[in-house]
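Asks: The structure follows.
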Amino acid sequence: MNIPLQVITTLTMCLLQLTQASKPGSCPTPPFPAGFAQFCRNDDDCDGPKKCCLTEVGYECTGPKNLPTTIAKPGKCPPASSYTGKVLLCANDGDCEGSQKCCMTKAGNACVPPVDQPKPIKKPGFCPPAPLATGLAQFCQTDGDCHGPKKCCLTNVGYECTEPKKEPPRAGKPGSCPPVPFFPGVAKFCQTDVDCHGSKKCCLTDAGHECIEPLQKPPSAEKPGSCPTVRFAMGSAKFCRTDAHCSGAKKCCVTNVGYECTDPVKRPLVVDKPGSCPPAPSMAGMGQFCQTDVDCQGSKKCCLTSIGYDCTEPANQPSKSEKAGSCPAAPSPTGRGRFCRTDSDCHGRKKCCLTSSGYDCTEPANQPSKSEKAGSCPAAPSVTGTGRFCRTDSDCHGTKKCCLTKVGYDCVSPGNFHDTGRPGKRSAGSDESVSRYEDKLLKCVLMFLSGCGK
């Protein structure tokens, strides 16, 4: 008799549903078609609450559905052992009678009495230093999980009950730890000074926290002498912090590798060399080619420059009385150059003035003389030149005056004055002479070197 394949499949699924009733919940609806793989035979082959169900790949461990509502009872489970079984005698605290809880045991999930709540006060003593490599086990959570005076401490296997150590003294051992290295380690061979033998202290080193000999108490004052001059860029190492970290007469100085113990140099006896440093630039460098004037040869001083502290010629002291005259009006905008600092930096009668290029040696503006030449300048033309053939009447020969003309400031004959001081009428000969002079001078400027003065 031939039994239809669909009937056989249905009967098989029903039998499987009956055999898979050991764990709470039910399998999801089997897909169609289903696979032929066999990753499990019953729920006991699956970890935790998973069930052996038929899926699209075959029989495999799958999360169940229609799980009962989770109920959490007061208290907590005992610490789980390092090896737990796969038996599922309960799914949550609601499956257990009375005050029992569903906990992980050596057999698997089972109902066990809860442990007492941890005491609010920790047990006396403190845990030993944690080793460099610690385990992942969790045999306890608090000191209340441990019997007697034992404490829950981190060891090489994980958290477990350990005999405590005595309380450390309130004050550490005398002395101080060396400076912390630039890259400290992560090892923990000690926690406090009490973990170290003799006079050693628990200090942070390049390996981590370990017991080392302490430094002597630093003196109240720095060691005599001064640090040498840095000739190169400063490094980032930190082998010391103060002079007390260095042995003997050495001092903690900045060098081309960083802070390290260095033999000092004698303190300079000379205070300051005469003169003053030039003004510091807006962007100063970080070099340290000198520290004081005594580091510089001759009359040079240690000044801040564009490259840092360097030996520089001192700026001349300004004279008590500046040169005669005054600077021309400063243009807008002005430059940032510094070709002079005081009038004494300039030759002759030139003064150090602010110009379009910065401070530069410039001819001073003429001060009006106490008594100008008689007469007045002719009326300035509507279009004037930019020439400067004179500045004051004293630059002109005879009775001529320095006036504004078509070519600029030039020496011209003045107009006549009446007794009232107002300009009088010129004679025809004078007007003709001035006109001829102006025409000749304008022609000379326009023709440049094409026969002027021949």
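Asks: Step through the table entries Lys73/Lys150; Lys23/Lys86; Lys123/Lys173; Lys51/Lys86; Lys122/Lys166; Lys76/Lys151, compare each Cα-Cα distance with 21 Å, and write down the pairs that go over it.
Replies: Lys73/Lys150; Lys123/Lys173
Asks: Continuing with this model, one more query. Amide H neighbours of Gly337 under 5 Å, at least 5 residues apart or on other chains, H built in the peptide plane: list them.
Replies: Amide H neighbours of Gly337, under 5 Å, 5+ apart: Gly358, Tyr359.
Asks: How big is the charge dipole of the range 132-197 about its Cα centre, in debye rounded to the nearest 20, if each Lys and Arg gets +1 on its Cβ and each Asp and Glu gets -1 on its Cβ?
Replies: 200
Asks: Given axes a ≥ b ≥ c from the Cα gyration tensor, I'd like to know whether the range 326-365 is rounded (a/c under 1.5), prolate (a/b larger than b/c) or oblate.
Replies: Judged from the Cα gyration tensor, the range 326-365 comes out oblate (a/c at least 1.5, b/c at or above a/b).
Asks: In nm, to one decimal, how far is the modelled label at Phe389 from the one at Ser199, with both set 7 Å along Cα→Cβ?
Replies: Calculated label separation equals 9.7 nm.
Asks: Roughly how many debye, to the nearest 20, is the charge dipole of the range 326-365 about its Cα centre, given +1 on each Lys and Arg Cβ, -1 on each Asp and Glu Cβ, and no other charges?
Replies: 80
Asks: Could you sort 328-334, 84-90, 181-187 so that the peptide with the highest average Cβ count within 10 Å comes first and the rest follow in order?
Replies: In descending order of packing, they fall as 84-90, 181-187, 328-334.
Asks: For Met283 and Asn256, what does the FRET efficiency come to when R0 = 30 Å and r is the distance between their Cβ atoms, rounded to the nearest 0.05?
Replies: 0.85
Asks: What is the packing order of peptides 280-291, 203-214, taking the mean over residues of other C-beta atoms within 10 Å and listing the highest first?
Replies: 203-214, 280-291
Asks: Which order do Asp43, Asp263 fall in if you start with the one that has the fewest other Cβ atoms within 10 Å?
Replies: Going from sparsest to densest Cβ surroundings: Asp263, Asp43.
Asks: State the antiparallel share, in %, of DSSP beta bridges confined to the range 326-365, rounding to the nearest 5.
Replies: Close to 75 percent.
None of the figures in this text is laboratory data; all of them are computed from the coordinates on show. Just so you know, these numbers come straight off a predicted model, no measurement behind them. Glycine also receives a Cβ, built like all others from the backbone with ideal geometry; neighbour counts cover every protein chain displayed.
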